[in-house]
Amino acid sequence: MSASERKLWRAVLEQAYEDAESCPAFGGEPAFESAECFKARRYLRGDSAFEAAELKLVCEFADIPHDRVTNWARRQYAAAA
């Protein structure tokens with residue numbers, strides 16, 4: 001894969017991160033989780049088998065360790081109980 005293709009897939013991950021961080025905060029806690037924010041956090045955590053497989057493929061294309069992304073996202077964006 002070329003450097004420009006890797007750059008494209010890294011931009012996909014960057015956009016998911018930006019969407020996950022887009023929740024407005026109130027006192028350090030998200031006040032409202034928009035649909036984009038909710039979906040991006042689920043995606044980065046790999047909450048479903050489909051999301052996990054898709055994220056793994058994107059990470060492979062971006063040449064970024066999949067487990068590093070999901071482990072970070074699971075710590076950063078703990079799923080609601």
Seminar exercise, completed: If we keep only residues of segment 60-79 that are of a type in the set (G, A, S) and in contact (Cβ under 8 Å) with a residue 40 or more places away in the chain, then the residue surrounded by the fewest Cβ atoms within 10 Å (Cβ to Cβ) is A62
Problem set entry | Hey, L44 at pLDDT 95 or above and within 11 Å of Y77 (Cα to Cα) or not | yes
Problem set entry | Complete set of residues in segment 39-51 that are within 10 Å of the chain's Cα centre (by Cα), over 19 Å from A11 (Cβ atoms) and surrounded by fewer than 20 Cβ atoms within 10 Å (Cβ to Cβ) | R42
Exercise. Is it fair to say V58 is outside any loop (DSSP other than H, G, I, E, B), at pLDDT 95 or above, in contact with a Cys (Cβ under 7 Å, 6 or more places away or on another chain) and not basic (K, R)?
Worked result: no
Exercise. Pick from segment 13-38 the residues that are surrounded by 16 or more Cβ atoms within 10 Å (Cβ to Cβ) and of a type in the set (A, V, I, L, M, F, W, C): which of them is modelled with the lowest pLDDT?
Worked result: C23
For this session: Report yes if some residue within segment 65-75 is at pLDDT below 95 and in contact with a strand residue (DSSP E or B) (Cβ under 7 Å, 6 or more places away or on another chain); otherwise report no.
Result: no
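The values are calculated or read from the model by the stated rules, or taken from the named source; none is laboratory data. Quick caveat, the model's predicted, so the values are computed rather than measured. Cβ: placed from backbone, ideal geometry, glycine included. Neighbour counts: every protein chain shown.
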